[in-house]
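One structure is given here, and the rest of the page talks about it.
The values are calculated or read from the model by the stated rules, or taken from the named source; none is laboratory data. None of the values given here were measured: they were computed from a predicted structure. Virtual Cβ from ideal backbone geometry, glycine too; neighbours counted across all protein chains shown. Accessible surface areas use protein heavy atoms only, side chains included; no ligands, DNA or RNA. Shrake-Rupley method; radii C 1.70, N 1.55, O 1.52, S 1.80 Å.
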Amino acid sequence: SQCVPCEGGVDKNSKQTNLILLANLHEDWSLNKSEDKLQRQYRFKNFAKTMFFVNAVAHIADQQFHHPDIKFGYNYCTVEYSTHSVDGLTANDFICAALVDKLI
């Protein structure tokens, strides 16, 4: 799937839609408490593998024109999606999460 350009011209997902879309992702994805962000933490054996993953996520983000917040350290990376222009989640967040999972 491909993200659809979104500059605030769409509505954010309903809670029910988010739960349906979340069920289609890897079980390690979750919604934050306010349910406006989709997040997953990945673990790696070393810093080089972590950085390879971070760069691959950045490449996907540029291809999709949809950029996550990424936090990383020596052997972990947390990827967090949200559609900032609607202050919540849209289909784009779930599409990108599924694309990131294909890296593993």
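What's the angle, to the nearest 10 degrees (0 to 90), between helix 91-101's Cα axis and the longest principal axis of the chain?
Relative to the chain, helix 91-101 is tipped by roughly 20 degrees.
For region 46-51, just list the computed ³J(HN,Hα) in residue order, Karplus coefficients 6.51, -1.76 and 1.60, θ = phi - 60°, integers in Hz, with x standing in for Gly and Pro.
Values per residue, Gly and Pro as x: 7, 5, 4, 5, 4, 5 Hz.
Which trypsin sites (Lys or Arg not before Pro) does region 1-90 hold that lie in a coil by DSSP with at most 11 other beta carbons within 10 Å?
Passing sites in region 1-90 are 33, 45.
Pop a pseudo-label 7 angstrom from the Cα along the beta-carbon direction at both residue 10 and residue 34 and give the gap in nm to one decimal.
2.1
Quick one: which of 15/49; 12/102; 12/49 span more than 28 angstrom between C-alpha atoms?
Table pairs above 28 Å Cα-Cα are 15/49; 12/49.
Short version: what are the Cα gyration tensor semi-axes of the chain, square root of 5 times each eigenvalue, largest first, in whole Å?
Largest first, the chain gives 23, 15, 11 Å.
Which ³J(HN,Hα) values in Hz, rounded to whole numbers, follow from the phi angles of region 19-29 under the Karplus curve 6.51 cos²θ - 1.76 cosθ + 1.60, where θ = phi - 60° and Gly and Pro get x?
Once θ is set to phi - 60°, the couplings for region 19-29 become 5, 5, 5, 4, 5, 8, 9, 4, 4, 7, 6 Hz.
Quick check: pseudo-label points 7 Å beyond the Cα along Cα→Cβ at residue 26 and residue 65, how many nm apart are they?
About 2.8 nm, to one decimal.
Provide the FRET efficiency to the nearest 0.05 for the residue 76-residue 19 pair, computing r from the beta carbons and using R0 = 25 Å.
With a Förster radius of 25 Å, E is 0.45.
Count neighbours as other Cβ atoms within 10 Å of each site's Cβ, and list the chymotrypsin sites (Phe, Trp or Tyr not before Pro) in region 23-104 that are DSSP loop with at most 14 such neighbours. Please report the intermediate quantities before stating the final value.
On the way: sites: 29, 42, 44, 47, 52, 53, 65, 72, 74, 76, 81, 94; in loops: 29, 44, 65, 74.
Here the chymotrypsin sites (Phe, Trp or Tyr not before Pro) that fit, given the DSSP loop and packing criteria, are 65, 74.
Could you work out what % of the accessible surface of region 19-89 is carbon and sulfur, using a 1.4 angstrom probe and leaving DNA, RNA and ligands out of the count?
Details: 2280 of 4280 Å².
It is 53 percent, rounded to a whole number.
At 1.4 Å probe size, with every protein chain present, just tell me what the per residue accessible area of region 42-104 comes to in Å².
Details: 3300 Å² over 63 residues.
The answer is 52 Å² per residue.
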